[in-house]
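Here's the structure we're looking at; comments come further down.
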Amino acid sequence: MEDRRIAERETVRVNERIRAREVLLIGENGERLGVVPIAEALTMARERELDLVEVAPNAAPPVCRLLDYGKFKYEQAKKERTASKHQHHGDLREVRFKVKIGEHDMDLKVRRAERFLREGDKVKVSVMFRGREILHPEIGQGLLKRVQEQLQEVGTVEKPPTMEGRFMNMILGPVAASRQRPPKEAAPETVEAASEG
């Protein structure tokens, strides 16, 4: 946190740290005061008990604003905190299946994965192989395909099924809110896939 503040102080020039000879000055209420020499801008800032802050250093001449820098930084930090509170960082949740899973357990775990996807989290779907079950990876692939088909309205495959030790993993990501309903072309494929299985 302290490193960020130091870096910020170095990037935002305030008062005597501004190196330009003249600046385009903006008043505390947003009014344009014109191009003035830096000494005059600093004098105006001191008279009004404000800081001179360089807001656009790459402009010609640089744009500076009269404001209370401490209060400005406080407001910025407050806005950042509020924004981060309302932001949902999608976590990676895991749902594990065994090769010989019952139909009821399968439905229960698929519903759990669906809930995670609707909440905006990614879901790692894992099939665990025990003993000689590992000789039949096609069973795990079939299981993951069934899960994928049941969750296609709320999740898309971000990482296809891969073997990692005794687990076969697939990662599903949430579908964007605008794409919650599948396109009409996808419906006949679902019916065909169900009739095959």
Scanning for something touching a strand residue (DSSP E or B) at 6+ places or on another chain (Cβ under 9 Å), touching a residue at least 24 places away in the same chain (Cβ under 8 Å) and at negative phi, does the range 72-91 turn up at least one residue? yes
Selection within the range 19-32 - surrounded by 11 or more Cβ atoms within 10 Å (Cβ to Cβ), under 35 Å from the mean Cα position of the chain (by Cα) and at pLDDT below 90: E28
Strands (runs of 3 or more DSSP E) fully within the range 48-104 counting 3 or more residues that are surrounded by 14 or more Cβ atoms within 10 Å (Cβ to Cβ), of a type outside the set (V, I, T) and assigned by TED's automatic domain parsing to the domain that holds N15: 51-56, 63-67
Give me the pairs: first residue in the range 32-46 and closer than 10 Å to R21 by Cα, second residue of a type in the set (K, R), beta-carbon distance under 8 Å, and six or more apart or on different chains, which are they? P37/R21; I38/R21
For the range 17-47, what are the residues that are assigned to a helix (DSSP H, G or I) and within 18 Å of K73 (Cβ to Cβ)? R17, A45
Considering the range 144-168, residues that are part of a strand (DSSP E or B) and among the β-branched types (V, I, T), and then whichever is surrounded by the fewest Cβ atoms within 10 Å (Cβ to Cβ), we arrive at T162
Specify the residue that is farthest from T11 (Cα to Cα); the eligible residues are those in the range 43-73 that are of a type in the set (D, E) and over 36 Å from the mean Cα position of the chain (by Cα). E47
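Going through the range 128-170 one residue at a time, which ones are among the polar types (S, T, N, Q) and under 30 Å from the mean Cα position of the chain (by Cα)?
Q148, Q150, Q152, T156, T162, N169
The values are calculated or read from the model by the stated rules, or taken from the named source; none is laboratory data. Remember, predicted model here, so these are calculated numbers, not experimental data. FYI the Cβ positions are ideal-geometry reconstructions off the backbone, even for glycines, and counts take in every protein chain you see.
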